[in-house]
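All of the numbers you see were taken from the coordinates with simple rules; none came from a lab. Given the structure is predicted, the values throughout are model-derived calculations rather than measurements. Here the Cβ is made from the backbone with ideal geometry for all residues, glycine too, and neighbour counts use every protein chain on show.
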Amino acid sequence: MNAFYSVELFKSEGEALVEAHGVKYRITIADYERSGIVQGGEITEESLEFLTEAEEKLRCIKKAFNYLSYKAHSKRGLGKKLKNAAFSDTAIEKTLFLLEEKGYLDDLTLCKEYAEYFQKRKNYGVMRIKKELYAKGFDKEAIDQATDELDETPEGVITELLFKKFPHLNPEDRQARAKAVSFLTARGFGYDEINNAICAFKSEYEEE
């Protein structure tokens, strides 16, 4: 005896509930319309496989929106979280594509916002900013574009960091100078920026 589908639509939620062999699959209406399944239609192995994948995709989408409701994520960062939540690569790939297509994921814009935050609020240099952005899951292209558009760090900002961290620094003391250079390097500043800052600090030191 053949088995048939039972279908219930929830248009306000954009979802469909399809029952087959006593098992209920909640999927998107878009996937339901794509499936070719109809109320009273005969159940096939192919359609059951489609339902299984579509049901996982909807769960994956909901999980992604849950993560995004707390904070913005990079595409790679969100994908990693979904992977840790035990979703399949196929479900994750389809979910990320959908979110990016609908504008819920915009790596370049988010990368630029983080780059500006790290520079102006954390007082990081470009090298440290790139490291932080990579850790957040942005790709090299987005990172390079975001950091290329940053304003140059004013020399006074770096000098002020030195004053705060080493208020009694003697630039002529090699060991003390090495510690200062190490500190600024860790914050991502380049050699020329550091050298200029220390020279400015030296001028201040000599005037005292």
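Structure notes:
- Flag for T153 being surrounded by 13 or more Cβ atoms within 10 Å (Cβ to Cβ), within 29 Å of N66 (Cα to Cα) and under 28 Å from the mean Cα position of the chain (by Cα): no
- Looking across the range 156-196 at every residue that is hydroxyl-bearing (S, T, Y) and surrounded by 13 or more Cβ atoms within 10 Å (Cβ to Cβ), the one that is nearest to M127 (Cα to Cα) is identified as T185.
Each row is one residue, and each column tells you yes or no for (1) farther than 23 Å from L133 by Cα; (2) exposed (fewer than 13 other Cβ atoms within 10 Å of the Cβ); (3) among the basic types (K, R).
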{"position": "A30", "(1), (2), (3)": "yes, no, no"}
{"position": "G36", "(1), (2), (3)": "yes, yes, no"}
{"position": "G40", "(1), (2), (3)": "yes, yes, no"}
{"position": "C60", "(1), (2), (3)": "yes, no, no"}
{"position": "L68", "(1), (2), (3)": "no, no, no"}
{"position": "D107", "(1), (2), (3)": "no, no, no"}
{"position": "C111", "(1), (2), (3)": "no, no, no"}
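- Checking each residue in the range 141-174 for being farther than 22 Å from E116 by Cβ and of a type in the set (D, E) picks out E172, D173.
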